[in-house]
Each structure stands twice: as structure tokens, then as C-alpha cells.
1. Starting at the first residue of the stretch 105-110, write each ³J(HN,Hα) from the Karplus equation 6.51 cos²θ - 1.76 cosθ + 1.60 with θ = phi - 60°, in whole Hz, x for Gly and Pro.
2. Between GLU210 and ASN156, what length comes free when the chain is fully extended (0.36 nm per residue of separation minus the Cα-Cα distance, one decimal in nm)?
3. In a GNM of the chain with a 10 Å cut-off on Cα contacts, which of MET170, MET248, MET182 has the highest mean-square fluctuation?
4. So, R0 is 22 Å and r is the distance between the beta-carbons of GLN296 and ILE238; what FRET efficiency does that work out to, to 0.05?
5. What does the charge add up to near PHE21, with Lys and Arg as +1, Asp and Glu as -1, over the other residues with Cβ less than 14 Å from its Cβ?
6. What does the helix-only formula give at 222 nm for the chain: each DSSP H stretch with n ≥ 4 adding -39500 (n - 2.57), the total divided by the residues, and the result rounded to the nearest 500 deg cm²/dmol?
7. What percent does the relative contact order of the stretch 2-75 come to when contacts are Cα pairs within less than 8 Å and at least six residues apart?
8. Considering amide H positions built from the backbone, and no H for Pro or chain starts, which residues 5 or more places from VAL240, or on another chain, come under 5 Å of its amide H?
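Nothing in this text is a laboratory measurement; each read-out follows from the coordinates by a stated rule. If you're wondering where the values come from, they're calculated on a predicted model, not measured in any experiment. Methodologically, a virtual Cβ is constructed for each residue, glycine included, from the backbone with ideal geometry; neighbour enumeration extends over all protein chains shown.
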Amino acid sequence: MKIATCLIDKQAYLAIIIDEFAYPIPKDHPELPSTIYELLAQGASGFDKLKNIQDQILAGKSEIIPAYHLKEIQLLAPIPRPNSFRDAYAFRQHVETSRANRNLPMIPEFDEFPVFYFSNHLSIQGPGPVYIMPKQFEQLDFELEIAILIHKEGRNIQAKDADNYIAGYMILNDFSARKLQMEEMKLNLGPAKGKDFATAIGPYLVSKDELKPYLIPTKPGHIGDSYALTMTCKVNGIQVSQGNAIDMHWTFAEIIERASYGVTLYPGDLIGSGTVGTGCFLELNGTAIRSNPNAQMQWLQANDLVELEITALGTLKNQVILDIF
């Protein structure tokens, strides 16, 4: 299933996406979840109800669900206000290349355990315009990532069981104000102001069953589901990045095990993969300058259109707009 939160007549609806159409769940059926939060609260039964509705729609038997073409509605973030947002560091190529660009050796701890940081779960955006302040436009960057949504409460979750806690997958764009980020990280507290202003997710949540055709064997020494999903970014229609989820060094199952050690994860927690190799201008610019010190650096500019596309997860489109207060 593809599950979305959409705006219709100024009201937010939980919706099932089939091809180019959204089917909003009516709010006058109390047994049906009408928001992503109600869906998560109902657990497996909620997902079963949506699956039953989807089956009826596909069989032409649904009489309660109207259809809206996606061009007629606005898609919001699949979960507009997650409980929390952790972003991991799962792609070795991105870490290794970014460190090489700073004349630093690969850090051995990367291979010992997956790491993550907390970002602002209340600045989540969906598809559409993202309004950004002038200082954040100083070396503004995209980050091409995959995200998962937790749908079961758990603590000290073992990696072998962790995939059962994943409701589904979506695209994530971790917008980054690199000038602010580089300044603050000199104080060794990690990214904060350079990251807290906007993270886009969407365009919908894709359930695990839809990704079965893309399952691949997990790398030796690791545990959890792995997928072959092509990941690309276009800026103003020009492709600037391409990677693949196959290159995740740490699986989401292993990240969940680390995140839940001594800590309870809850339905509605959001976890990002970290940036795929070549998945941001910071990495691409650094690599270009190593080859040619006179290379021209590229950053996002006001009104740029950023399109992240991942196999089976759709395309997340955001235009970055200068916000002047």
C-alpha cells in the first residue's frame, strides 16, 4: 500500500494512493482510521482495514471512497508531526568521501556501530514549497535519504526482530544550511541550527509488501532487510546525484537495535538512513575540488526545484523559497 496524508477542501485526510489517484478515508466511519496517528494507534488491525479498502477499490466494489487525481489535491507529509526524528549515518561511501574531502582518514568506529543524531521533529515538511530564511540559503544543500516509520512500541529490540517494527518507507530530504552547520560543529555538539529548519518527507508511506520485489540478500555480517532501490536527485530538471539503497552499510534493523537500546521506540517515530553516496552538494563539491581546485561549487538557490526519486517510493518534489520576515 501507499498511504498518504492529503489536503482536500482545507481538511487533512488519510488516503490510499493507487496509480495517479488518492482515495481519502471518510471521517464519518468511526471504525476506520482517519489520520496517520489513528492508523498507528490501531496497529495491525488499522493496516488490515486499509488493505481491505484497497482491495475493494481495485475490485471496483468500493462505494464509500471517492477518487481524486493527485493534481487536484495537496499531499502533506505522510506523518506531519512524528513523535521524534532520528537521522542515521548508514552509507559508507558518503562518510568516507566526505572525510576524504576534508583530508581526514575514514573513522574506524563507523564499522563498529550505527550512529544517529536527533533533529527537529516539528519542522517536518511534505511535498511542495519550503520557506527558508536568508542565512539558511548560505550554502543550502539537499540530502537524499530513505526514512522508515515505526508502528510498534518496543525497547531493546533485537536486529533479528526489528523489521517487524517498520510500518513502511518513504523518501527524506534533510535540508542543510552548510555554513551554519560548519560554524556550529566546531563546538563539537553536532548539527543543530544548520539542520533544524526543514526536513521534507513523502510523497507517501510505502508498506513493506510493496518492496518485496526489490529485496536482496543481506551483506555478510549484517542482519535485516536490504533492498536494491535506485536513488536520484534532480535540481531544476538536471540530475546531480545517483546512488542505491543496496549500498547501506547498516540496515534499518541494526539502526533500530541501536536506537532502542535502553530506550523505548513508539509508533510514529521517524528514522532516516543518512545520505546516500553522492547524495548532497557538500560531498559533490568536495570531490570536484579535490580533482580541480578551480571547480565551481553548487548550492541550492532561491526558487530551485529539488526532485528526489527512489524506486518504488515515488518522487518527492520541493521548491525552496526565500522567506523574508
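1. x, 5, 7, x, 5, 4
2. 16.7 nm
3. Maximum fluctuation in the GNM of the chain, among the listed residues, is at MET182.
4. Working from the Cβ atoms, E equals 0.95.
5. Local net charge: -1.
6. -5500 deg cm²/dmol
7. The value is 34 percent.
8. Excluding prolines and chain starts, which carry no amide H, the hits are CYS233, LYS234, VAL235.
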